[in-house]
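Engineer: Below are the structure tokens for one structure; questions will follow.
The values are calculated or read from the model by the stated rules, or taken from the named source; none is laboratory data. Just so we're clear, the structure is a prediction, and the values are computed from it rather than from any experiment. A quick note on method: Cβ atoms are made from the backbone with ideal geometry, for glycine too, and the neighbour counts reach across all protein chains shown.
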Amino acid sequence: MAQDALAQDAEDRAGRVRWPGKAGAVVCVTIHVDGPAVEAGRGQNALGIHSRGRYALRRGIHRYLEMLDRHGVKATFFCCGYDAEHWPEPFFAIQRAGHEIAAHGYQHEGFDLGDREPELLEKTHRILAGFGQEPVGWCSPSGRKSRLTLPTLRRLGYIYDASEKDEDIPYLLEDGFMILPNNTVSLDDFPMYFTGGASAAEVERNFVQEFDAALHRDGYVHLTVHPRAGGGSGTPARAGAVDRFLAHAKATPGTRFMTCRDLAEYCLSEPSRWKEPRA
Ligand SMILES: [Zn+2]
């Protein structure tokens with residue numbers, strides 16, 4: 001992009017992005033629980049090599065609840081209906097701690113479900129609503145969406161989708177649905193550990209670098225972590241990396257932590273500010 005275009009781009013954003021309380025950065029901490037639903041959805045017996053999802057329910061969720069409580073941070077937990085249906089206790093603990101419960105498929109479906117999709121979205125919605133509050137947010141387990149996805153979510157009362165990877169800031173679709181983009185390249189633990197073979201120290205450094213860079217740009221930081229074993233940050237050293245990242249963000253003046261729901265509602269309170277510039 002030419003210098004003039006870059007300057008115009010920055011000016012457009014400066015006029016558009018205004019965070020609550022004049023915060024310099026908004027941090028959405030999203031915990032993708034991804035329990036045994038992942039293995040069940042693949043037809044695998046969730047034992048042995050495939051027991052990493054069980055770790056999320058036994059250890060990971062509780063480790064993150066303690067960490068978030070210690071930092072005074074409210075997070076968004078993206079949950080699979082199957083996990084919450086079969087092992088409800090950890091999900092009641094999430095609800096009791098005041099975090100947001102949002103939807104993440106029934107068995108972490110990462111493929112086109114065809115005409116079955118609305119039924120599964122509704123099923124997961126009913127299960128998650130049973131923890132006290134109807135979910136209003138969804139994140140696709142694979143980034144995949146079909147022509148049925150958003151119309152079904154809108155009918156169920158959802159206000160945001162956190163599946164896209166195509167912007168640095170939230171934006172509004174023409175029909176009034178908020179998109180809260182995530183960054184699955186460098187603010188998501190899974191690819192760095194699973195395919196990148198990174199160490200916890202490298203992931204921590206990467207998260208901090210992304211946060212510091214966002215401070216000098218638009219100030220939107222959408223962190224994705226998984227409390228699983230394996231390609232996630234459930235285990236102690238990897239959870240420690242997230243813990244130190246939260247401490248770094250918290251110690252930075254002007255940082256505001258928000259759940260995705262609170263951020264979507266904030267954006268929708270002044271929708272004209274968030275219209276997609278390149279619709
Ligand atoms: Zn997931």
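Engineer: Kindly evaluate ARG13 against the criterion of being modelled with pLDDT of 95 or more, out of contact with any Pro (no Cβ under 6 Å at 6 or more places or on another chain), under 24 Å from ARG256 (Cα atoms) and in a helix (DSSP H, G or I). So that I can check it myself, show each step before the final result.
Structural biologist: Values: modelled with pLDDT of 95 or more: no; out of contact with any Pro (no Cβ under 6 Å at 6 or more places or on another chain): yes; under 24 Å from ARG256 (Cα atoms): yes; in a helix (DSSP H, G or I): yes.
Answer is no for this residue.
Engineer: If you don't mind, another one. Filter region 173-219 down to residues that are of a type in the set (Asp, Glu), under 23 Å from ARG256 (Cβ atoms) and modelled with pLDDT of 95 or more, then give me how many there are.
Structural biologist: So the first thing to find is which residues in region 173-219 are of a type in the set (Asp, Glu), and the list is 174-175, 188-189, 202, 204, 210, 212, 218.
Restricting the remaining residues to those that are under 23 Å from ARG256 (Cβ atoms) gives 188-189, 204, 210, 212, 218.
Adding the requirement that they be modelled with pLDDT of 95 or more leaves 188-189, 204, 210, 212.
Residues meeting the conditions: 5.
Engineer: Which condition does MET178 not pass, out of (1) more than 16 Å from THR224 (Cα to Cα); (2) aliphatic (A, V, I, L, M); (3) out of contact with any Pro (no Cβ under 8 Å at 6 or more places or on another chain); (4) more than 16 Å from the ligand (Cβ to nearest atom), if it passes all the others?
Structural biologist: Of everything listed in (1) more than 16 Å from THR224 (Cα to Cα); (2) aliphatic (A, V, I, L, M); (3) out of contact with any Pro (no Cβ under 8 Å at 6 or more places or on another chain); (4) more than 16 Å from the ligand (Cβ to nearest atom), MET178 misses just condition (3).
Engineer: If a residue has to be away from the ligand (no atom under 12 Å from the Cβ) and assigned to a helix (DSSP H, G or I) to count, how many in region 27-38 make the cut?
Structural biologist: Here is the first cut: in region 27-38, the ones away from the ligand (no atom under 12 Å from the Cβ) are 27-29, 36.
When the remaining residues are screened for being assigned to a helix (DSSP H, G or I), the result is none.
The total comes to 0.
Engineer: Just a yes or no: is a residue in region 118-137 part of a loop (DSSP other than H, G, I, E, B), within 16 Å of the ligand (Cβ to nearest atom), within 20 Å of the chain's Cα centre (by Cα) and without any contact (Cβ under 8 Å) to a residue 40 or more places away in the chain? Write out each step before concluding.
Structural biologist: Taking region 118-137 first, the residues part of a loop (DSSP other than H, G, I, E, B) are 130-136.
Then drop every residue that is not within 16 Å of the ligand (Cβ to nearest atom), which leaves 135.
This time we only want the ones that are within 20 Å of the chain's Cα centre (by Cα), so: 135.
Retained after the next criterion (residues that are without any contact (Cβ under 8 Å) to a residue 40 or more places away in the chain): 135.
Yes, because at least one residue in region 118-137 is part of a loop (DSSP other than H, G, I, E, B), within 16 Å of the ligand (Cβ to nearest atom), within 20 Å of the chain's Cα centre (by Cα) and without any contact (Cβ under 8 Å) to a residue 40 or more places away in the chain.
Engineer: Return the total of residues in region 146-174 being assigned to a strand (DSSP E or B) and hydrophobic (A, V, I, L, M, F, W, C). I'd like the intermediate steps shown before the answer.
Structural biologist: Taking region 146-174 and keeping what is assigned to a strand (DSSP E or B), we get 160-161, 171-172.
Okay, now just the ones that are also hydrophobic (A, V, I, L, M, F, W, C), so 172.
Number of matching residues: 1.
Engineer: Further question: Scanning region 98-113 for residues that are acidic (Asp, Glu) and part of a loop (DSSP other than H, G, I, E, B), which turns out modelled with the highest pLDDT?
Structural biologist: Initially, region 98-113 is screened for residues acidic (Asp, Glu), giving 100, 109, 112.
Now drop any that are not part of a loop (DSSP other than H, G, I, E, B), which leaves 109, 112.
Working: GLU109: 93, ASP112: 81.
So the residue we want is GLU109.
Engineer: Can you find a residue that is within 16 Å of the ligand (Cβ to nearest atom) and more than 17 Å from the chain's Cα centre (by Cα) anywhere in region 197-212? Even if it seems obvious, please write down each step before you answer.
Structural biologist: Step one: of region 197-212, the residues within 16 Å of the ligand (Cβ to nearest atom) are none.
Looking for residues that are within 16 Å of the ligand (Cβ to nearest atom) and more than 17 Å from the chain's Cα centre (by Cα), one finds none in region 197-212, hence no.
Engineer: Additional query: Any chance you could count how many residues in region 56-113 are among the aromatic types (Phe, Trp, Tyr), within 13 Å of the ligand (Cβ to nearest atom) and over 30 Å from ARG147 (Cα atoms)? So that I can check it myself, show each step before the final result.
Structural biologist: Start the filter on region 56-113 by keeping residues that are among the aromatic types (Phe, Trp, Tyr), which leaves 64, 77-78, 82, 87, 91-92, 106, 111.
Checking which are within 13 Å of the ligand (Cβ to nearest atom) leaves us with 77-78, 82, 106.
Pick out the ones that are also over 30 Å from ARG147 (Cα atoms) and you get none.
Counting residues in region 56-113 that are among the aromatic types (Phe, Trp, Tyr), within 13 Å of the ligand (Cβ to nearest atom) and over 30 Å from ARG147 (Cα atoms) gives 0.
Engineer: Now, a different point. Only one of (1) buried (at least 22 other Cβ atoms within 10 Å of the Cβ); (2) in a helix (DSSP H, G or I); (3) touching a residue at least 60 places away in the same chain (Cβ under 8 Å) fails for MET67. Which number is that?
Structural biologist: Of the numbered conditions (1) buried (at least 22 other Cβ atoms within 10 Å of the Cβ); (2) in a helix (DSSP H, G or I); (3) touching a residue at least 60 places away in the same chain (Cβ under 8 Å), the odd one out for MET67 is (1).
Engineer: A further question follows. List the residue pairs whose Cβ atoms are under 9 Å apart, where the first residue sits in region 167-186 and is more than 20 Å from VAL203 (Cβ to Cβ), the second is assigned to a loop (DSSP other than H, G, I, E, B) and of a type in the set (Phe, Trp, Tyr), and the two are 6 or more positions apart or on different chains.
Structural biologist: Within 9 Å, the pairs are PHE177/TYR158.
Engineer: Follow-up. Please go through region 245-279 and pick out each residue that is surrounded by 12 or more Cβ atoms within 10 Å (Cβ to Cβ) and of a type in the set (Ser, Thr, Tyr).
Structural biologist: Matches in region 245-279: THR252, THR255, THR259, TYR266.
Engineer: Test of understanding: among ARG155, ARG126, ARG116, which residue is out of contact with any Ser or Thr (no Cβ under 9 Å at 6 or more places or on another chain), surrounded by fewer than 18 Cβ atoms within 10 Å (Cβ to Cβ), modelled with pLDDT under 95 and over 23 Å from PHE257 (Cα atoms)? I'd like the intermediate steps shown before the answer.
Structural biologist: On the way: ARG155 fails: modelled with pLDDT under 95; ARG126 fails: modelled with pLDDT under 95.
Unique residue meeting the criteria: ARG116.
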